[in-house]
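All remarks here apply to the structure that follows.
The values are calculated or read from the model by the stated rules, or taken from the named source; none is laboratory data. Here the structure is a predicted model, which is why all the values come from computation and not from measurement. Positions of Cβ are backbone-derived with ideal geometry, glycine not excepted, and every protein chain shown enters the neighbour counts. Ligands, DNA and RNA are excluded from the accessible area calculation, which covers all protein heavy atoms including side chains. Shrake-Rupley method; radii C 1.70, N 1.55, O 1.52, S 1.80 Å.
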Amino acid sequence: MAQMDDSLKAALYRISCPDSATLGNFHLGLLAETAAQPIADHLAICPLCTRDIAQLEEFLAETAVSLQPSTAARIKVWIAKRIPSGGQTRNMLGQPAFAVRGSDSGPLMYEAGDAQLSLEVQDDPEHPGRKSILGLVLGIETESVEVKLLQGDAVVTAVTLDELGNFTFAKLEAGTYELTLSGPEMEIHVQDLLI
Ligand SMILES: [Zn+2]
């Protein structure tokens, strides 16, 4: 009997509940204020929708990315994973430019979905005390890809990827950055980049 009560209650709640797409959009902040307010009011009294939102949050947390609401549906978001650098990976990427420049530790290597990313952090020869980054990304469509360096939510600097997948940042202050590459179909995040 108790069970029946619950499902009856559930059915009654659900009659006035927004559908899950609307709830999702609400949660992602996609609804206009006039549309969002009734949902917020509803959430305040509806345990079922509150639970749905909690499940959605859990799901988003599991994917470990902060989704950009407007692009979440069609863009692949990859978190770059650091892979050991060294002769082997360098040969795999076949980038003589890096070998010529040279640095003690070699480039930082990352994998992100289909992409391989190599970052060479150096002292900026033209700006004493500052750093530069030479980057190369392979395995993605290089057209219209913007490369950004962020600290917190603030964009420090941004450049466009060249057609071969190279990018350069110069005159950087030492610190911890997040690097993002965002194109029409994908987004790569390199977190906790210490330079
Ligand atoms: Zn509800």
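Could you pull the accessible area for V121 with a 1.4 Å probe, rounded to 10 Å²?
In the full protein context, V121 sits at about 40 Å².
Between A61 and E126, how high is the FRET efficiency from 1/(1 + (r/R0)^6) when r is the Cβ-Cβ distance and R₀ = 45 Å? Nearest 0.05. The partial results should precede the final answer.
Numbers: r = 43 Å, r/R0 = 0.95.
With a Förster radius of 45 Å, E is 0.55.
Tell me, in nm to one decimal, what length is gained between Q37 and D162 on full extension, where the rule is 0.36 nm per residue of separation less the Cα-Cα distance? Mind showing how you got there, number by number?
Numbers: separation 125, 0.36 × 125 = 45.00 nm, distance 4.47 nm.
Computed gain between Q37 and D162 is 40.5 nm.
Protein chains only, probe 1.4 Å: how do H189, H27 rank by accessible area, largest first?
Values: H189 20, H27 55 Å².
The residues order as H27, H189, largest area first.
Put L181, L28, L60 in order of accessible area, largest first, 1.4 Å probe: what do you get?
Numbers: L181 0, L28 55, L60 30 Å².
Putting L181, L28, L60 in descending order of accessible area: L28, L60, L181.
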